[in-house]
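Following: one structure in structure tokens, then a few remarks.
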């Protein structure tokens, strides 16, 4: 429990909702007649509405990007490192909007929501959503909030992909695009990892073809395995060695299959705690959104062509030890922007933390990010 | 902003409104100057984190790049000028990078310290040791200058690579010239600046 909130935190925050009554046609061909988005905002929108920042979240995060919901919270929002007074996304200067994506399980309409047609949770019947769909719903949220142009759209990992999609889909509606630890599309290896995660969930006997809510069941084992696998790909070899080495929990090996090494204990803990806070159907949807993301697809597989019309200025950041979306993947984005003579800066940050680095307080990363944000004119 | 005199010299050679790539752009001073005074656009390439931060602060488009990896992110002929100040001597293969520079740019401007300077010659001739001077302040084992050359060496390479020298300026470390530097540049010049173009186009 916190006695006092840290001075560089935005402090106590409250989620907001908006229900959209106009139907949305999704990439998969289906139409959602109405849907709700949950979001948080930090800071104040200025008179000209020129200081709004959209923060897009990654695979398993949500709208709670910064601050605390109660003084009893154990942890702040997922990007507390970067959002707050005096931080790179400075809430003294910017008005930050952070929604939970459609298909999520933290308050926006998703598989756990009640389908008005059946009065039961959507479950596996929730349509598969894409990054393009998300961007569309975020644009509608912007309209509701009176934001005709974002000062910047920002995201890490899958969030960075949304930022990139924004620059392509609504070129004039953002002045800056910050893409961190992302990729222009997934590789076969990336998709392979997602597929193993999905198979773990789909084959869990408690999954009931996605209708586990009606059976009062949770595909615990499957979701846990999916998360454990994910976690391995978020960390680097170096980070794992540094954190766990070959440390044994009881100081000796027991010649058994219970938890012996610290890294096993860590992964099981991460997996188990994830089950309590995340929905398996949403996890399946999010991994599919990742797999399908490919803005160059409609442009003859030519990313430079896809980015020909972008208007925003870009900051692209990658991390040396990120092997999930390596620096080479960020460079693909940079190269496509350079081919179009677009305004872009690119920083490759030395970090041992693997993909997770974008959430970490790495000094050079925060300095680079902050310096860029300070250059944004309001 | 006060500009290093070698940068001021370079900026005089650059036509207004052109598109420029600056290899090893440091804190972005040259690009900022060119942007403000000559409405030049372009990018800086840099490998040092702090320099990258300084460039971003100056509003310069900077791309983290290891110049030893070449310029494969850039298409042929995509710049009017490719500039490299005081960096060629620290490149693994200066010859290959020179070709890369003239592939992505129509013209190049290069500056480097002259190893044919009398001070370097005297040091080797009389003391038999690698020179330490204001131009070469670091010991041979820790210096980043791994491919030092004289003006003659450089000009020989230009002939081999079919590179045409459009202009040359030779100065001392305070970037001043003198009659004896003009008379015997390879002996008295400390820093050389070349304006190059490929003969092959």
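Computed quantities for the displayed model
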item: Residue B:62, sole failed condition from (1) crowded, with 24+ Cβ neighbours inside 10 Å; (2) within 14 Å of chain A (Cβ to nearest Cβ); (3) closer than 26 Å to residue B:157 by Cα; result: (3)
item: Qualifying residue in segment A:83-97 (condition: in a loop (DSSP other than H, G, I, E, B) and closer than 15 Å to residue A:129 by Cβ); result: no
item: Test: residue in segment A:287-296 that is surrounded by 15 or more Cβ atoms within 10 Å (Cβ to Cβ), farther than 30 Å from residue A:340 by Cα and more than 16 Å from the chain's Cα centre (by Cα); result: no
item: The lone exception for residue B:78 - which of (1) closer than 20 Å to residue B:193 by Cα; (2) within 14 Å of another protein chain (Cβ to nearest Cβ); (3) touching a helix residue (DSSP H, G or I) at 6+ places or on another chain (Cβ under 7 Å) it fails; result: (1)
item: Residues located in segment A:358-377, provided they are under 19 Å from residue A:314 (Cβ atoms) and away from every other protein chain (no Cβ under 14 Å); result: A:358
item: Meets criteria (in contact with a helix residue (DSSP H, G or I) (Cβ under 6 Å, 6 or more places away or on another chain) and under 23 Å from residue B:149 (Cα atoms)) for residue B:62; result: no
item: Which listed residue, of A:281, A:302, is within 14 Å of chain B (Cβ to nearest Cβ) and either out of contact with any helix residue (DSSP H, G or I) (no Cβ under 6 Å at 6 or more places or on another chain) or crowded, with 20+ Cβ neighbours inside 10 Å (or both); result: A:302
item: Residue within segment A:308-316 that is buried (at least 18 other Cβ atoms within 10 Å of the Cβ), away from chain B (no Cβ under 11 Å) and either under 22 Å from the mean Cα position of the chain (by Cα) or within 23 Å of residue A:132 (Cβ to Cβ) (or both) present; result: yes
item: Lone unmet requirement of (1) at the interface with chain A (Cβ under 10 Å from one of its Cβ atoms); (2) in contact with a helix residue (DSSP H, G or I) (Cβ under 7 Å, 6 or more places away or on another chain); (3) without any contact (Cβ under 8 Å) to a residue 60 or more places away in the chain; (4) outside any helix (DSSP H, G or I) for residue B:56; result: (4)
item: Any hit, segment B:4-26, residues being buried (at least 23 other Cβ atoms within 10 Å of the Cβ) and more than 19 Å from the chain's Cα centre (by Cα); result: no
item: Residue match in segment B:165-173 (condition: surrounded by 13 or more Cβ atoms within 10 Å (Cβ to Cβ), without any contact (Cβ under 8 Å) to a residue 24 or more places away in the chain and either closer than 18 Å to residue B:83 by Cα or touching a strand residue (DSSP E or B) at 6+ places or on another chain (Cβ under 9 Å) (or both)); result: yes
item: Hey, residue B:83 closer than 22 Å to residue B:162 by Cα and buried (at least 23 other Cβ atoms within 10 Å of the Cβ) or not; result: yes
item: Within segment A:68-115, tally of residues that are on the phi > 0 side of the Ramachandran plot and either surrounded by 24 or more Cβ atoms within 10 Å (Cβ to Cβ) or free of Cβ contacts under 8 Å to residues at least 60 places away in the same chain (or both); result: 2
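Taken together, the values in this text are just the output of simple stated rules run on the coordinates, not laboratory data. Everything numeric here is computed off the predicted structure, so don't read it as measured data. With ideal geometry, Cβ positions are generated from the backbone for all residues, glycine too; neighbour counts draw on all protein chains shown.
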